[in-house]
1. Using Cα positions and a limit of under 19 Å, work out the lysines in reach of LYS94, with same-chain residues fewer than 8 apart set aside.
2. When all protein chains stay in place, what accessible area (Å², nearest 10, 1.4 Å probe) is found for SER6?
3. Taking every DSSP beta bridge that has both residues in the chain, what percent is antiparallel when rounded to the nearest 5?
4. Residue by residue through region 161-167, what is 3J(HN,Hα) from phi via Karplus (6.51 cos²θ - 1.76 cosθ + 1.60, θ = phi - 60°)? Round to whole Hz and write x for glycine and proline.
5. So I have (1) -0.32, -0.77, -1.03, -1.17; (2) -0.46, -0.81, -0.98, -1.09; (3) -0.37, -0.87, -1.13, -1.26, and one of them is log10 I(q)/I(0) by the Debye sum over Cα atoms at q = 0.07, 0.11, 0.13, 0.14 Å⁻¹ calculated from this model. Which one is it?
6. Just from its helices, what would the mean residue ellipticity at 222 nm be for the chain, if runs of 4 or more DSSP H residues each count -39500 (n - 2.57) and the sum is divided by every residue, rounded to the nearest 500 deg cm²/dmol?
7. What full-extension length gain, to one decimal in nm, is calculated for ALA60 and THR149 as 0.36 nm per residue of separation minus the Cα-Cα distance?
8. Would you mind computing, in nm to one decimal, how far apart the modelled labels at VAL161 and LYS132 are, each placed 7 Å from Cα along Cα→Cβ?
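The values are calculated or read from the model by the stated rules, or taken from the named source; none is laboratory data. In this text the structure is predicted, and so the values were computed from the model without any measurement. So basically every Cβ, Gly included, is an ideal-geometry build from the backbone, and we count neighbours across all protein chains shown. What goes into the accessible areas is simple: the full protein's heavy atoms, side chains included, and nothing from ligands, DNA or RNA. Shrake-Rupley method; radii C 1.70, N 1.55, O 1.52, S 1.80 Å.
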Amino acid sequence: MELGSSRTPIDLEVFKMLFENSVVRRYASYTKALQTGTITFSELIKLSRQAAIPYPLFFAPIPVVKAQINLKVKKLYQGASKQTYSLNSRSKVKLTDVELIYRDLGRKQELVKKFDPTLKQNVILGMLAKSKNELAFDAQRLLSALGLTTAQIHAAKNKAVALELLIAHLEAAQILVSRSVNGYMPQTLSKVRLSGLTVKDQKVPYIFLAGGSHDEDEEPEGRQIFTTTLLAVLVARDIFAPVTMDARATVAAPSAEYDLVSEILMPSDLLPSQDLSTLEQVRTASSFFKVTPSALVVRAMRLQLLERKAAHIYLDELAEAFRTRRSSRRRAPKPVNAIRKYNGREFSRRMISAMDQGHMTPAEFCRSVCAGKISVGDIPEFRNALQ
């Protein structure tokens, strides 16, 4: 380590051990330090803060470092699987890749429970964990528990409205929903191939929905409906882990969770009535079912409503059309809207209520709930954004 003209050695094993078990293991400055064998004190401090590592640990004996890492891992993995839940995808995600988000959502869960002692055991959590019923039966059980029907999803004006409807019913069932917003989360996900994650809690489980199309040739809204439904199914199955998903895969055998999501959104008794003889009709059907055209193609192939060769032709044409589309430039969201989206409406409403009841000051609300992204003067606008 370099500080001015002086150099202080850091054990390479300690250096790698600490940073490899953190979110900065993918950062260019960490990789560069490994390659050059040196790092400035200011860069070490910066990386340590980004990784939430007390920098004196870099000068501690290896047994102490190992003990601290084991303690962190034990707390981080509490109630979560160390393995990525991969649905037809070869991608893997470590919890350390999303550690800061995972911790932040856990902190939010504790805040909600602290200020609302009336919260009860979540009825969705684990309700299908040991189910051996037919998919159609379990699909109706979960929808009923959410106070929702497949017909309501299909009747939504468009996919964006359907997504909001689904999220509203999840939050009404005490499942908090957070969505990715760059610049308003504890970390960015540009180098992590993540569809979402589930964070366990007996009363207020959290689901996090990653944004965008994840480099896949699919429109985001339909994909996010499928992903959100999948995350809800995982909560019902008592599965908590980072999630990667490729809903276009036609080779790997689908998991029971994939089939359950498909049954919820594209019921096996409704799909056969759809005419899928042209790509335009596939798009029309996908608009009705509120899924991506590619997800509908895969589902139809699984139900033997489309031959595999025809399905692959459709998927290739859809991918090409998506790649060559004219992309629109998105405007940066207003801070109050970005915070509402990342926190989720239900969490934000509950924290507004806690502030109104005097459990926290407006300044504390801005700091602990809004990560310092808004000032006290912005609270009325934030309140209006929750309507």
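1. LYS16, LYS66, LYS72, LYS74, LYS75, LYS82, LYS191, LYS200
2. 60
3. Around 50 percent of the beta bridges assigned by DSSP in the chain are antiparallel ones.
4. Values per residue, Gly and Pro as x: 5, 4, 4, 4, 4, 4, 5 Hz.
5. (3)
6. Value at 222 nm, helices only, nearest 500: -14500 deg cm²/dmol.
7. So the extension gain works out to 26.4 nm.
8. It is 4.3 nm.
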